[in-house]
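S.K.: I'd like to ask you about the structure that follows.
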Amino acid sequence: MRKVIWLNHVSLDGFVAGPNGEIDWIYLEDELFDDGHDLIKTGDTALYGRVTYEIMKSYWPTAAKSPMATRHDIDHANWVNPALKIVFSRTLKASDWQNTRIVRDHAAEEVGKLKKQPGKNMILFASPTLASTLMGQDLIDEYWFNINPIILGRGKPLFQDTNTVRKLTLLGSKAYKNGVVNLHYGRN
Amino acid sequence: MRKIVASEFVTLDGVAEEPGKWSFPYWNEEISKFKFDELFSSDALLLGRVTYQGFAKAWPSMIDEAGYGKRMNSFPKHVVSRTLEKLDWNNSHLIKGDIEKEVSKLKQQPGQDLLIFGSGQLVKALMQHDLIDEYRLLVYPIILGNGKRLFSDANKANLKLVETKTFGSGVVLLRYQPNRK
């Protein structure tokens with residue numbers, strides 16, 4: 001069965017963004033992009049909550065066309081623009097980003113159904129609120145976290161409070177030159 | 001100058017509260033050796049009240065062949081608290097006044113590392129004064145869902161990754177130092 005893989009850049013104290021949505025603290029480098037891209041290529045579908053979707057939509061449709069585009073911009077644009085993008089939102093009415101499907105309700109049921117359909121993996125980008133809903137129904141199969149060497153103190157938490165304890169299996173870990181550590185977990 | 005090392009058990013969701021309840025299933029030889037080496041390259045503990053009170057109940061009766069318990073019990077324990085009056089655990093010393101001044105004094109004394117275990121409030125207070133020289137986090141492959149987060153509302157800090165190590169049971173050591181420019 002195809003997997004749902006949750007991919008995130010996160011601060012050491014567990015935030016995916018600063019208090020005002022800042023993501024300028026995220027450490028990036030070639031090898032980190034390459035490894036992330038290798039993972040993303042195992043998928044054919046992107047899953048987003050509305051906030052993450054809108055950030056992505058403001059960048060990726062034109063990213064590869066910019067004269068400033070890096071190889072990584074081009075790689076990801078070439079994957080994400082044609083990929084099926086499913087955004088879970090009650091407020092979003094329509095989107096002009098190609099191949100977007102808006103799902104208004106019952107995110108967990110919908111993802112459960114999608115998992116049973118044939119296809120490659122589904123990559124869940126950031127979207128902590130959606131991730132919490134999916135984790136609640138045990139729908140996330142792998143976690144790919146890039147832990148940044150910074151303590152933010154405040155911000156948007158990766159994990160929301162729940163009453164569910166979840167034990168995972170460490171699948172891999174890797175330290176990058178810039179001080180980021182990738183932690184990769186799967187189901188126990 | 002001696003280093004202050006905050007050595008902590010955390011879950012993947014950053015909870016450091018009551019590790020006794022969730023860390024034992026992952027304990028193995030490698031983690032044991034890491035903790036042993038750490039204790040033997042230190043010569044004192046620096047603790048907040050809550051952690052101190054838990055330790056003071058548990059440690060005096062802990063005896064092991066390797067001598068970990070003996071060393072814990074004989075170490076000087078520096079306890080930061082405004083409310084504690086009496087310290088029952090052997091070789092305990094109360095720090096009541098100006099934390100920054102008192103802890104800086106300890107750092108300037110000759111000796112090995114000063115170890116902090118647990119003591120989330122104290123860690124954050126020391127971070128405000130940039131008094132922590134190293135963070136050693138053992139990250140456990142478990143999401144608890146709720147509990148006190150080690151760094152909740154901490155001061156912003158840029159760190160330098162010094163070492164990572166993966167233990168067989170899925171625990172990962174992340175070792176950082178402050179990025180002091």
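S.K.: Got a number for residues in segment A:85-107 being surrounded by 16 or more Cβ atoms within 10 Å (Cβ to Cβ) and outside any loop (DSSP other than H, G, I, E, B)?
M.R.: 8
S.K.: Right, another one. Return the residue satisfying two criteria in turn: it lies in segment B:122-141 and is β-branched (Val, Ile, Thr) and within 30 Å of A:ASN163 (Cβ to Cβ), and of such residues it is farthest from the other protein chains (Cβ to nearest Cβ).
M.R.: Of everything passing the filter in segment B:122-141, B:VAL123 is farthest from the other protein chains (Cβ to nearest Cβ).
S.K.: Filter segment B:166-181 down to residues that are surrounded by fewer than 18 Cβ atoms within 10 Å (Cβ to Cβ) and at the interface with chain A (Cβ under 9 Å from one of its Cβ atoms) and give me whichever is farthest from B:ASN28 (Cα to Cα).
M.R.: Among them, the one singled out is B:ASN179.
S.K.: Moving on to the next point. Within the group B:LEU144, B:LEU150, B:LEU159, which residue is touching a helix residue (DSSP H, G or I) at 6+ places or on another chain (Cβ under 8 Å), at the interface with another protein chain (Cβ under 8 Å from one of its Cβ atoms) and buried (at least 18 other Cβ atoms within 10 Å of the Cβ)?
M.R.: So the residue among B:LEU144, B:LEU150, B:LEU159 that is touching a helix residue (DSSP H, G or I) at 6+ places or on another chain (Cβ under 8 Å), at the interface with another protein chain (Cβ under 8 Å from one of its Cβ atoms) and buried (at least 18 other Cβ atoms within 10 Å of the Cβ) is B:LEU150.
So that you can scan it fast, the table gives a plain yes or no per residue for (1) among the aromatic types (Phe, Trp, Tyr); (2) in contact with a strand residue (DSSP E or B) (Cβ under 6 Å, 6 or more places away or on another chain); (3) modelled with pLDDT of 95 or more:
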position	(1), (2), (3)
A:VAL4	no, yes, yes
A:SER11	no, yes, yes
A:TYR27	yes, yes, yes
A:LEU32	no, no, yes
A:GLY36	no, no, yes
A:ILE40	no, yes, yes
A:PRO82	no, no, yes
A:ILE86	no, yes, yes
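S.K.: Is there any pair linking a residue in segment A:120-131 that is farther than 17 Å from A:SER11 by Cβ to one that is among the charged types (D, E, K, R), with Cβ under 6 Å and at least six apart or on different chains, and which?
M.R.: Note: pairs meeting the criteria are A:LYS120/A:ASP44; A:ASN121/A:ARG2; A:ASN121/A:LYS3.
S.K.: For segment B:7-42, how many residues are more than 10 Å from every other protein chain (Cβ to nearest Cβ), over 12 Å from B:GLY147 (Cβ atoms) and assigned to a helix (DSSP H, G or I)?
M.R.: 14
S.K.: Any idea which residue in segment A:159-188 is nearest to the other protein chains (Cβ to nearest Cβ), counting only those that are basic (Lys, Arg) and more than 21 Å from A:VAL16 (Cβ to Cβ)? Break it down stepwise before answering.
M.R.: Filtering segment A:159-188 down to residues basic (Lys, Arg) leaves A:166-167, A:174, A:177, A:187.
Those still in the list that are more than 21 Å from A:VAL16 (Cβ to Cβ) too: A:167, A:177, A:187.
On the way: A:LYS167: 5, A:LYS177: 9, A:ARG187: 11 Å.
Among those that are basic (Lys, Arg) and more than 21 Å from A:VAL16 (Cβ to Cβ), it is A:LYS167.
S.K.: Working only within segment A:18-49, note down all residues that are more than 14 Å from chain B (Cβ to nearest Cβ) and buried (at least 18 other Cβ atoms within 10 Å of the Cβ).
M.R.: Residues satisfying the conditions are A:GLY36, A:ILE40, A:GLY43, A:THR45, A:ALA46, A:LEU47, A:TYR48, A:GLY49.
The values are calculated or read from the model by the stated rules, or taken from the named source; none is laboratory data. Here the structure is a predicted model, which means the values were calculated and not measured. Positions of Cβ are backbone-derived with ideal geometry, glycine not excepted, and every protein chain shown enters the neighbour counts.
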